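FYI, it's all coordinate maths here, none of it is from the lab. These numbers come from a predicted model, not from an experiment. Backbone-built Cβ (ideal geometry, glycine too); neighbour counts: all protein chains shown.
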Amino acid sequence: MPGVLILETERLNLRQLTMCDLDDLTALISDTAVMRWWPRRFDRESARAWIEKQIGRYEDDGCGY
């Protein structure tokens, strides 16, 4: 299920993360080149926890990454 749509342009839909994004997000944030300037890469369980944290931030703070 897609997350809440935040912004839509002709070429981009910006929306909140959901657990449906776990596979795609894991592929990105476990990649050495993508995470070059981040302190560490994430494995699947770390990616799951990160999504859960962002979902909590949406609820608590009204925003997240």
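Scanning the chain for trypsin sites (Lys or Arg not before Pro) in DSSP loops with at most 13 other Cβ atoms within 10 Å, what's the longest stretch left with none?
Between exposed loop sites, the widest span is 41-65.
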Under the Karplus curve 6.51 cos²θ - 1.76 cosθ + 1.60, θ = phi - 60°, whole-Hz ³J(HN,Hα) for the stretch 23-35, x wherever Gly or Pro sits
4, 5, 5, 4, 4, 6, 7, 9, 7, 4, 5, 5, 9
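Report relative contact order for the chain in percent, whole number only (criteria: Cα-Cα under 8 Å, sequence separation at least 6).
Details: 64 pairs, mean separation 16.4, N = 65.
Across the chain, relative contact order equals 25 percent.
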Roughly how tilted is helix 44-61, in degrees to the nearest 10 and between 0 and 90, from the longest Cα axis of the chain?
30 degrees
Over the Cα atoms of the stretch 14-61, compute the convex hull volume and normalise it per residue, giving Å³.
92 Å³
Sorted by chain and number, the residues with a modelled amide H under 5 Å from that of R15, at a separation of 5 or more or across chains, are I6
